[in-house]
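Everything below concerns the one structure shown next.
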Amino acid sequence: MASKGKPSPRSAVTPLSDAQVANLAKKHHLVDPMRDLPTGPDRRINQREIDAQNPNGTRRLLKGVDVVFNASCKTRAWGLDNIPEDGPFITAASHVTMFDVFVPMASMFHMGRRPRYMAKAEMAKWPLIGKWFQIVGMQPVQRHSGKAKQIEETSIDILVSGRPLTVWPEGTVTRDPQKWVMSIKEGAAYIALEASRRLGRQVPLFCAATWGAASINHWWPWPRKNVVMCYDHQLDYADLLEGMEHWGDEPPAEAVETLKWRMFIRLNELLEEIRGEKFPAEGYWDYRTMSRKPIASA
């Protein structure tokens with residue numbers, strides 16, 4: 001079953017300008033995430049994770065990603081020092097194009113971590129790189145399979161085992177015509193809450209927003225486009241974990257819904273800053289109805 005609608009074309013947005021990148025550089029320390037230890041040599045890499053996740057295959061894929069990005073983009077990021085050196089954490093990433101998924105992936109690899117990835121199962125069948133995706137930690141998700149609980153359990157197990165996890169909470173490339181983060185699914189919030197309960201502590205949750213890749217013409221990518229990612233500070237949801245020992249079989253629906261919207265709002269706030277634009281006043285793009293709705297009615 002195919003996803004509803006089609007992503008809007010590159011013509012729907014303007015490229016991220018040099019002037020806007022310069023404005024961001026005045027407020028943040030922008031680094032090149034497509035090189036090792038971009039925040040400085042004092043970073044301690046997680047060698048155990050690196051050794052456990054096919055280091056040779058990962059190194060080859062990472063080298064290929066670096067070459068492609070350096071040829072087609074001027075990639076910058078801030079906030080990478082927020083990535084923990086040890087232990088489980090969740091990255092909730094925006095998903096504007098199939099190209100931008102590589103930015104948080106490569107950034108965390110270069111920072112010395114090896115998260116697992118919840119990604120659509122079709123990616124495993126892509127020519128050449130499909131096998132590499134599996135080697136470097138892709139956890140295939142059979143969309144529209146009726147196996148949502150099984151997917152959530154697999155994700156929770158990854159976190160409980162001590163590994164980090166990256167998710168794209170929208171579930172697919174955004175269908176917002178202006179390419180903002182559209183309505184997101186409950187899965188990422190459920191995983192964060194339930195994994196926290198099983199571990200007895202709040203699992204760190206970070207939002208990562210990337211902008212600029214939507215303007216790249218992959219047949220003729222020159223001149224190189226600006227691509228910027230913010231890896232945000234930890235999103236706090238400790239208040240939603242109060243009384244978690246009395247939840248019963250699963251987290252309360254109200255807590256899941258609240259955390260879901262916290263992620264949605266924060267991701268779009270980050271995109272506002274990177275883009276230098278305001279989120280549409282008429283509301284967010286709802287994937288179920290393929291129309292805009294006011295956030296107050298969510």
Flag for residue 187 being at positive phi, open to solvent by 10 Å² or more (accessible area, probe 1.4 Å) and in contact (Cβ under 8 Å) with a residue 12 or more places away in the chain
no
Looking at region 254-269, which of the residues that are under 23 Å from the mean Cα position of the chain (by Cα) and either acidic (Asp, Glu) or loosely packed, with under 13 Cβ neighbours inside 10 Å (or both) is farthest from residue 195 (Cα to Cα)?
269
Examine region 212-221 for a residue that is assigned to a loop (DSSP other than H, G, I, E, B), under 24 Å from residue 89 (Cβ atoms) and out of contact with any helix residue (DSSP H, G or I) (no Cβ under 8 Å at 6 or more places or on another chain), and state whether such a residue exists.
no
Determine which member of the set 175, 201 is farther than 30 Å from residue 23 by Cα and either open to solvent by 10 Å² or more (accessible area, probe 1.4 Å) or of a type in the set (Gly, Ala, Ser) (or both).
201
Scanning for something in contact with an Asp or Glu (Cβ under 8 Å, 6 or more places away or on another chain), of a type outside the set (Phe, Trp, Tyr) and at pLDDT 95 or above, does region 215-228 turn up at least one residue?
yes
Quick count over region 236-250, residues being under 24 Å from residue 94 (Cα atoms) and buried (at least 18 other Cβ atoms within 10 Å of the Cβ), is 2
When you look at residue 209, is it modelled with pLDDT under 95, under 29 Å from residue 75 (Cα atoms) and crowded, with 20+ Cβ neighbours inside 10 Å, yes or no?
no
Hey, any hits in region 74-89 for a residue that's at positive phi and modelled with pLDDT of 95 or more?
yes
I'd like to know if region 223-230 contains one or more residues that are open to solvent by 20 Å² or more (accessible area, probe 1.4 Å) and more than 27 Å from residue 8 (Cα to Cα).
no
Going through region 249-261 in order, the residues found to be assigned to a helix (DSSP H, G or I) and out of contact with any strand residue (DSSP E or B) (no Cβ under 9 Å at 6 or more places or on another chain) are 253, 254, 255, 256, 257, 258, 260, 261
In region 12-71, anything surrounded by 13 or more Cβ atoms within 10 Å (Cβ to Cβ), among the acidic types (Asp, Glu) and part of a loop (DSSP other than H, G, I, E, B) is listed as 32, 36
For residue 182, work out the one condition from (1) open to solvent by 10 Å² or more (accessible area, probe 1.4 Å); (2) within 30 Å of residue 71 (Cα to Cα); (3) of a type outside the set (S, T, N, Q); (4) part of a loop (DSSP other than H, G, I, E, B) it doesn't fulfil.
(1)
In region 76-98, anything open to solvent by 30 Å² or more (accessible area, probe 1.4 Å) and under 13 Å from the mean Cα position of the chain (by Cα) is listed as 98
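The values are calculated or read from the model by the stated rules, or taken from the named source; none is laboratory data. It should be emphasised that the depicted structure is a prediction, and the values quoted were computed from it without experimental measurement. FYI the Cβ positions are ideal-geometry reconstructions off the backbone, even for glycines, and counts take in every protein chain you see. Surface areas here come from the heavy atoms of the whole protein model, side chains and all, with no ligands, DNA or RNA. Shrake-Rupley method; radii C 1.70, N 1.55, O 1.52, S 1.80 Å.
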